[in-house]
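Chemist: Let me begin by handing over the structure; questions about it come next.
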Amino acid sequence: MRRIAITLQKGGVGKTSVAVNLAAALAADQGLRTVLVDMDAQCNATAHMLGDDFSGPMLSDVLRGDIPLRDALVQCHHENLRVLPGAEDLVDFERGSDDPRRARTIMGVRDMLTAGIPTDTEVVIIDTPPGGGLWLQAALAASDGFLIVAWPDGFSASGILALLNTVDDVRAAFNPNLELDGLIINHVRHTAGHRGYTEVFSQIYEDILLHPPLPVRSVISDARDAAMPVEFYERQFRTSSQAAELFRDIAGQLVRRTGIRTIRFAFAS
């Protein structure tokens with residue numbers, strides 16, 4: 001099993017969209033038994049997968065010990081794909097940087113995601129919130145690797161540097177073996193500024209860049225509004241956008257880069 005956090009230390013770069021659509025591609029195209037964990041109190045990944053009206057058990061119920069993690073998982077869209085729904089009350093667990101309970105909370109989340117995920121799972125994708133707070137650090141502490149999602153702009157360039165500083169802190173305190181699994185350039189437009197930053201990122205991060213850079217595609221938003229990943233939206237509505245193919249390409253590269261096992265059979269019932 002490999003646990004991968006989807007990260008950047010700023011908001012609005014499409015981490016959730018990448019997490020949802022990458023998880024779908026890993027499950028449906030790569031045949032991997034996949035769990036998507038929504039660790040953002042905004043719960044956008046949960047809404048994207050399960051709709052706005054989902055009302056079942058969620059991450060905070062697991063954290064409080066009210067339900068085992070396995071029982072909170074929801075299978076959706078594909079036999080290989082499960083979701084651990086997020087919760088708005090994750091903010092109730094927040095701890096200040098000087099709170100001695102902060103480290104215990106991070107280690108508790110790490111232990112939960114290490115021991116609680118069903119053993120037949122092959123890959124866990126963790127959607128993280130913006131900022132460098134408790135839940136980003138907990139996700140990194142619980143992960144084997146992390147993926148950076150960045151827009152081709154200066155704000156993302158600064159966000160990458162801030163994230164790498166947070167990663168250093170998490171490695172020192174909780175997870176010395178945390179690896180950088182790749183960088184995804186997202187939401188690329190046909191502008192001189194975006195082309196310039198895409199070239200700069202490609203040069204600086206050549207060894208970790210996953211291809212292709214993801215262009216702006218309206219079908220991705222349409223799929224989100226329909227509460228499904230683009231992988232299944234394109235199949236159901238027979239669109240010709242081929243946006244899902246972009247995520248399949250990235251999923252394949254991620255599998256090869258990390259050595260995730262690819263065996264094509266579904267979750268045990």
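Chemist: Helix-derived [θ] at 222 nm for the chain: sum -39500 (n - 2.57) over DSSP H runs of at least 4, divide by residue count, nearest 500?
Modeler: Per the formula, -13500 deg cm²/dmol.
Chemist: Can you put LYS10, LYS15 in order, fewest other beta carbons within 10 Å first?
Modeler: Placing the least packed residue first, the sequence is LYS10, LYS15.
Chemist: In whole angstrom, and with the biggest value first, how far do the Cα coordinates of the stretch 1-94 range along each principal axis?
Modeler: If we take the Cα atoms of the stretch 1-94, the spans are 37, 32, 27 Å.
Chemist: Same structure, new question: If you average the alpha carbon positions of the stretch 108-171 and of the stretch 41-85, how far apart do those two centres end up, in angstrom?
Modeler: Taking the Cα centre of each part, the stretch 108-171 and the stretch 41-85 sit 18 Å apart.
Chemist: If r is the Cβ-Cβ distance from THR239 to THR114 and R0 is 35 Å, what FRET efficiency results, to the nearest 0.05?
Modeler: Efficiency computed from Cβ-Cβ geometry: 0.35.
Chemist: Using every alpha carbon pair in the stretch 33-184, what percent of pairs falls into each 5 Å bin from 0 up to the bin containing the largest distance?
Modeler: 2, 9, 19, 23, 21, 16, 9, 3, 0
Chemist: So the label point goes 7 Å from the Cα of GLN42 along Cα→C-beta, right? Which residues of the stretch 171-197 then have their backbone N under 16 Å from it?
Modeler: Output list for this probe position: 186-187.
Chemist: Taking amide H atoms as placed 1.01 Å from N in the peptide plane, list the residues 5 or more away in sequence, or in a different chain, whose amide H sits under 5 Å from that of MET58.
Modeler: none
Chemist: Take every Cα-Cα distance within the stretch 138-245, group them into 10 Å bins from 0 onward, and report for each bin the whole-number percent of pairs it holds.
Modeler: Cα pair-distance distribution for the stretch 138-245, in percent: 13, 34, 32, 18, 2.
Chemist: Now a separate question. With only alpha-carbon atoms counted, please give the Rg and Dmax of the stretch 112-189, in Å.
Modeler: Rg then Dmax for the stretch 112-189, in Å: 13.4, 41.
Chemist: Taking the DSSP beta bridges in the stretch 2-258 as the whole, what percent of them are antiparallel, to the nearest 5?
Modeler: In the stretch 2-258, DSSP labels about 5 percent of beta bridges as antiparallel.
Chemist: Something else about it: If packing is taken as the average count of other Cβ atoms within 10 Å, what order do 21-31, 127-137 fall into, highest mean first?
Modeler: 21-31, 127-137
Chemist: Something else: When the expected Rg is taken as 2.2 N^0.38 Å, what fraction or multiple of it is the alpha-carbon Rg of the chain?
Modeler: Ratio of Rg to 2.2 N^0.38 Å for the chain: 0.94.
Chemist: Then there's this: Is any helix in the chain, taking whole DSSP H runs, at least 24 angstrom long along its axis by alpha carbon and on average at least -0.5 on the Kyte-Doolittle scale, and which ones?
Modeler: 154-173
FYI, it's all coordinate maths here, none of it is from the lab. None of these values were measured; they are calculated from a predicted model. All Cβ positions, even for glycine, are placed from backbone atoms using ideal geometry, and neighbour counts span all protein chains on display.
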